[in-house]
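Beneath this line is the structure, given in structure tokens, with notes to follow.
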């Protein structure tokens, strides 16, 4: 049985591009499918970097877009990954109310588990 379709966007440094490859492998091994469009996604993940301010600002802009997408697709799970996620965890989850999961680099292996929990909540 196929699990959810996941769409991933990557912003920031070269390390984030490498992390996205790792994340993609983890999710595929757990049975998830990667989709090229956010419209086909059940889960949208943004992998970003807090070192580059431009990347961080772009994420806040994208979250506005996902708020609209989520209002049309209430079951959509939105997640922020990477070092920005760790640094701004509380703000992203509590203040923005758009983000369902926040996962730092040390937690990538547990991402399938966190996605399953987000669907239950």
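Evaluate Rg over Rh across the stretch 66-121, taking Cα atoms for both radii and Kirkwood's formula for Rh.
0.96
From the mean inverse distance of alpha carbon pairs (Kirkwood) and the Cα radius of gyration, derive Rg over Rh for the stretch 8-118.
We get a ratio of 0.92 for the stretch 8-118.
Once you have the Cα-Cα distance between residue 68 and residue 113, take 0.36 nm times their residue separation minus that, and quote the gain in nm to one decimal.
13.6 nm
Helix-derived [θ] at 222 nm for the chain: sum -39500 (n - 2.57) over DSSP H runs of at least 4, divide by residue count, nearest 500?
Mean residue ellipticity at 222 nm (helix-derived): -13500 deg cm²/dmol.
Each value in this text was obtained by applying a stated rule to the coordinates, not by laboratory testing. On a predicted model such as this, the values are computed, not experimentally measured, just so you know.
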